[in-house]
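A quick write-up on the structure given underneath.
Here, each number is a calculation from the coordinates, and none is a lab measurement. Treat the numbers as computed from the prediction; the structure is a model and nothing was measured. Note that we place each Cβ from the backbone using ideal geometry, even for glycine, and neighbour counts take in every protein chain shown.
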Amino acid sequence: MTTASVPVAAALARRKPPASVRRRRFLLAVANHSLLIVAGIAFLAPFVFIALTALMTNGQALSSHLWPNPFRWQNFVDVFHQAPVLRWALNTMIYACLATLGVLVSSIPVAYALSRIRWRGRNVAFGLVLIALMLPPVVSVVPLYVMWAKLGLVGGLGPLIIPNWFGDAFSIFLLRQFFMTIPEEYLDAARVDGCGELRILATVVLRLAKPAIAAVALFSFLYTFNDFFLPLLYTRENPSRWVLQIGLSEFRSLHQVQWNLTMAATLLVMAPVIIVFFLAQKAFVEGVTLTGVKG
Amino acid sequence: MTGLTVRAERSAPLDRTRARRKAAWRRRRLVLLLMTPWLIGFSVFFGYPLVMSVYLSFTHYDLLSSPKWIGTANYRYLFTQDPQVGAAVRNTLWIIAVMVPLQVVFACGVALMLARARRGVGLFRTIFYLPALAPPVAATLAFVYILNPATGPVNILLQHLGINGPLWFQSTSWSKPSLVLLGLWGVGNTMIIFLAAILDVPRHLYESAELDGAGPLQRLRWVTLPTISPVILFSVVIGVIAGLQYFTQAYVAANVASGQASQAGDQTVNNLGYPEDSTLFYPVLLYQHGFRYFNMGYASAMSVMLLVVAFTITLLIIRNSRRWVHYVGAAK
Amino acid sequence: MRRVGIGLLVALVLGAALLAATARTSATAGTSGAKAENITIWVGWSAAELKAFKGVVAEYDNKHADVTVKVVGGINDDKITAAIRSGKVPDVVSSFTSANVGSYCNSGAWIDLKPFLAKDKIDVNMFPKTSQYYTQYKGKRCALPLLADVYGFYYNKKMFKAAGLTSPPKTMSQLTAYAKKLTKKNSDGSIKVAGYNPFLGFYSGNAPDLTTYAPLFGAKYVDGSGKSVLSRDPAWSKILKWQKSLIDWYGYKNLQKFNAGAADEFSASHAFEIGKLAMMIDGEWRVAFIAREHPGLDYGTAPAPVDDAHPELYGAGYVNGTIIGIPKGVKHKDQAWALVKYLTTDSHALAIFSNGVRNVPTTKASLTSPDIKPDAHFKTFLKIFANPNSKTSPITAAGNAYGSLIQAFAVKWQAGHAGDLAKGLQKLDKQIDAQLKQAQAGGVP
């Protein structure tokens, strides 16, 4: 282990390290890359298996063959014939879009009030938001189900969508953290111009907080798109209101476990999210970083 | 709603107080307007269920007739007589104790490798993140198929290598590890957060460590890890909360692996927790009692206990964290 | 500000409108139309069997212009229970799990049909005794039978000939010997063709497998005072020990692998139908499936083999059936009842439905109806159904919950995780008694 004998760090950086160190660094880099490649293959393998199975015939899917022969692209069409996938997709979009809209509409004002306006009880309210964040939703499920049953809304998408229009703890938290980083000068400038608080929120803050808002919208959409538990509770007995996740989980039992079709359906359900990811990669990664680093 | 109006100079101090009070009123009205949706939401979707859960936990309620008060009978059954609660609690604790550390270590490890890599970082990042995007239902279905002991690709490949693959989701000892594998496949989110935090570590810390003679392992132990410890804490807390609510993957895996096509329309055998209650987690058991048997009173008792445990564990972790988490000042 | 405000308002209105639309379209209960009443019926059948049922209902629809019946298939008991709880009920429901009638009647989830029967002067003795038993609980008759199921023995004649066997086994020891003879293994030790699969949970048909064996061993569930006797009736230990010894002969892991690789029970690649399984105990509906999917299969049907110590039980089998009733909260009770009455008592309807799904018709009249298409394989099952030793599961207030308890224990036992059999059965008895007590009292689970 070479100990640095040169006093200036900058000079150290500028000088080429000795051959032994360079060789060690090279080997380490190779090892690092090899590990990454192995891990990458392991991560990609399931996708490959799913895709291959989705192209097999039913008999092949049940046998020990790994490669489809022939390639049955027909499977993807068959999925739509055998199950009302489009209806499921429609239900999913209704749920996801309305819920996301609700989250944005209700959480942005709350986050603003918690971050940029001073009022008594603000810290208490924020504390309550944090506590709500830590509540496992499983805990509140029973009384809420009773409530929705009494209101006659079980079986529809109402119990899924409506709560999102009354604030979502996670989104409030995220937005508040971000709003707090907005320099007061922007807001003061607007105030001096004669803007009311609501106007400031609508114009200045929204524009400055676009990455955070995009992140919240993205997460909300993803979360509701992937949601299984709530639709299971409320729409399981009503096939006309099934979302994609419920439909997929029941798909194998609707059609006597044809694994090739089930895998094709699985791919179809995964596809939208992955496509959205590739289109909005930057927003995705920024958003995820936001939650972790600001959290 | 406009800003401040300027008044004519009559009695300055009184006007100022009046103006200030008016402004304060307007501010309060504004806050009320902004906070109302959340206030309603909090009381209806958080406060009310909490109170009702406690109330219902002391009743027998099947939604067909009104709740019948039975005192602590539900809790007594929960703690002493329910034959499945022991398994459910053990399994949930297992998944927290095993999956959370594994996920954090794995995510951190992959992030460290990515941080060091020179070429193809974007591609690798995408590859590692993609599975986290897969909907849990789809991912679980895929894994149950892939890990099918007889016809799944994994066991077939192992066969070619001469290894007799385990029974994965069909075995009581391998079903939970199979779920852990599924969980590790989806660490993309956590990995990205770790990657960002690792790349954020100030370079001068590494340089001064190197000057002091620290090797790469020591730099990792004394510079990197402490600096990203807030992120580690965050991941652990999130992981524990997720573990306490672990439902979807267990439910779908048990249903699919047990191979019972509900096409027959019949489900005389409850296959949640297949095989032999090894995938029965506390939320799954709660669902079974509340929404299969419709014993809502008993399910409420279960949910009250879950709440107590969740709070306690989270508080313990956060309090314990003060010992090992360093908040580096002036971070971004 | 104004733009944002209006935008918000529009979004809110749109949202509310969509919500109202979704809520309304999700109602599955019949809404009273002006002229033709719409009623909905939920059944467990699906695919081809559902088609047969829809045919029967279509005939009813044509005869009754004032009613339009909507049929929803693929229903199971969970969905029925959930629908009743949530208040959105169909007008008529039917279930494959006759054992649940106890909880349906006891809790009032399905309404008592006695007043309707009295009004239309229907004598319940037109239904076979067993079917009468599994459609009522403690005097409350909240269901009627809609075709019954009976379990018998299927065997592959071609494989029998190849192994030199001439007739189906009549006792358990014969069954075990034949099973070992007919089993073929792969070079790596895994099972290629299974002679008989004793694994509980494999292709369980419509009943918890253990109850299928109960009538074959003469096993009793409860004693005179209603207490569970699984540990005291030696028949149960006999069943479990026999089953486990055969499993151990195959190898538990080998069987699991075989099961995992087998196609779905109701698919055209059913293990017996494609020759991977030589013998099996299954319900009478399999006859229709084979006729549809593998008409060339050379197979035979017979009563299931019985305990060597009880040869007199030969010819009996496990019986249960589909039950049909009217859930609580239905508005069009009279139209619902009219449909129920037609489906359960009309000989013609029962006969043609029985032809379609090959289930046993459940009135004495329909059993001898000229509309029934004769079938040699199916005849075996009619005989088993008529055998006085054929039994069904006991009807209790806990519904089928205790059946799950038994199954859960048996599954542990066959894996070798249940320890001492006698002690395990005693514990199981206690659990069952506790559950029955609480279900009756309306207390905790």
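Some points to look at:
- For residue C:336, net neighbour charge (Lys/Arg +1, Asp/Glu -1) across residues whose Cβ lies under 11 Å away: 0
- Listed residues A:265, A:31, A:96, most fluctuating in chain A (Gaussian network, C-alpha, under 10 Å): A:31
- Simple rule: put +1 on each Lys or Arg Cβ and -1 on each Asp or Glu Cβ in the protein assembly as shown, find the dipole, and look at A:41, B:100, C:151; the Cα lying farthest toward the positive end is B:100.
- Mean ellipticity per residue at 222 nm, deg cm²/dmol - from DSSP H runs of n ≥ 4 across the protein assembly as shown, formula -39500 (n - 2.57): -18000 deg cm²/dmol
- Here C:284, B:276, C:265, C:293 are placed in order of increasing Cβ neighbour count within 10 Å, fewest first, which gives C:293, B:276, C:265, C:284.
- Note on the protein assembly as shown: with charges restricted to the Cβ of Lys and Arg (+1) and Asp and Glu (-1), its dipole about the Cα centre is near 3360 debye.
- Between amide H atoms placed 1.01 Å from N, distances below 5 Å from residue C:68 occur with C:37, C:38, C:39, all of them 5 or more places distant or on a separate chain.
- If only the Cβ of Lys and Arg carry +1 and only the Cβ of Asp and Glu carry -1, the dipole of chain C around its Cα centre is close to 640 debye.
- Projected area averaged over orientations for chain A, convex hull of C-alpha atoms, nm²: 25.7
- Charged side chains reduced to their Cβ positions (Lys and Arg at +1, Asp and Glu at -1) give the range B:2-115 a dipole of some 1240 debye around its Cα centre.
- Neighbourhood charge, 15 Å Cβ-Cβ cut-off, centred on residue C:226 and excluding it, Lys, Arg +1 and Asp, Glu -1: +2
- Peptide-level mean, for A:110-122, of C-beta atoms on other protein chains within 10 Å: 4
- Across chain B, C-alpha contacts under 8 Å between residues 6 or more apart give a mean separation that, scaled by the residue count, equals a relative contact order of 26 percent.
- Percent of C-alpha pairs per 10 Å bin, the protein assembly as shown, short to long: 2, 9, 18, 21, 19, 14, 8, 5, 2, 1, 0, 0
- Electrostatic bookkeeping for residue C:215 treats Lys and Arg as +1 and Asp and Glu as -1; over the other residues with beta carbon under 11 Å from its beta carbon, the sum is +1.
- Projected area, mean over directions - chain C, Cα convex hull, nm²: 28.2
- Taking every full run of DSSP H in chain A, the ones that stretch at least 27 Å from end to end by Cα along their long axis and average 0.5 or higher on the Kyte-Doolittle scale are A:19-54, A:85-116, A:259-279.
- Proximity of backbone amide H atoms, modeled 1.01 Å from N, is registered between residue C:137 and C:142 at under 5 Å, excluding neighbours fewer than 5 places apart on the same chain.
- Here chain C carries DSSP beta bridges of which approximately 65% are antiparallel, counting only pairs with both residues inside.
- Here the range C:152-264 is treated as an ellipsoid with the same Cα gyration tensor; its semi-axes, largest first and in whole Å, are 28, 17, 13.
- Peptide-level mean, for A:29-37, of C-beta atoms on other protein chains within 10 Å: 4
- Residues A:71, A:221, C:258, ranked from the fewest to the most other C-beta atoms within 10 Å, line up as A:71, A:221, C:258.
- Principal-axis tilt of helix C:333-345 within chain C, Cα atoms, nearest 10 degrees: 30
- For chain C, the longest principal axis of the C-alpha atoms and the axis of helix C:376-386 are separated by about 80°.
- Rule-of-thumb Rg ratio for the range C:322-372 [Cα; 2.2 N^0.38 Å; N residues]: 1.26
- For chain C, the longest principal axis of the alpha carbon atoms and the long axis of helix C:421-441 meet at an angle near 20°.
- As a rough footprinting exposure proxy, the listed residues C:221, B:274 were ranked by other beta carbons within 10 Å of their own, and the order from fewest upward is C:221, B:274.
- Overall size of the range C:219-332 from C-alpha positions, given as principal axis extents largest first: 55, 50, 31 Å.
- Principal axis dimensions, the range B:84-321 - Cα atoms, whole angstrom, descending: 69, 49, 26
- Neighbouring Cβ atoms from other chains, within 10 Å of the Cβ of residues in C:266-279, number 2 on average.
- Greater than 32 Å apart at Cα, pairs in C:51/C:241; C:138/C:430; C:114/C:391; C:157/C:412; B:68/C:331; C:341/C:373: C:51/C:241; C:157/C:412
- For residue C:391, the residues whose amide H sits under 5 Å from its own are C:317, C:319, ignoring neighbours fewer than 5 places away on the same chain, with H placed 1.01 Å from N.
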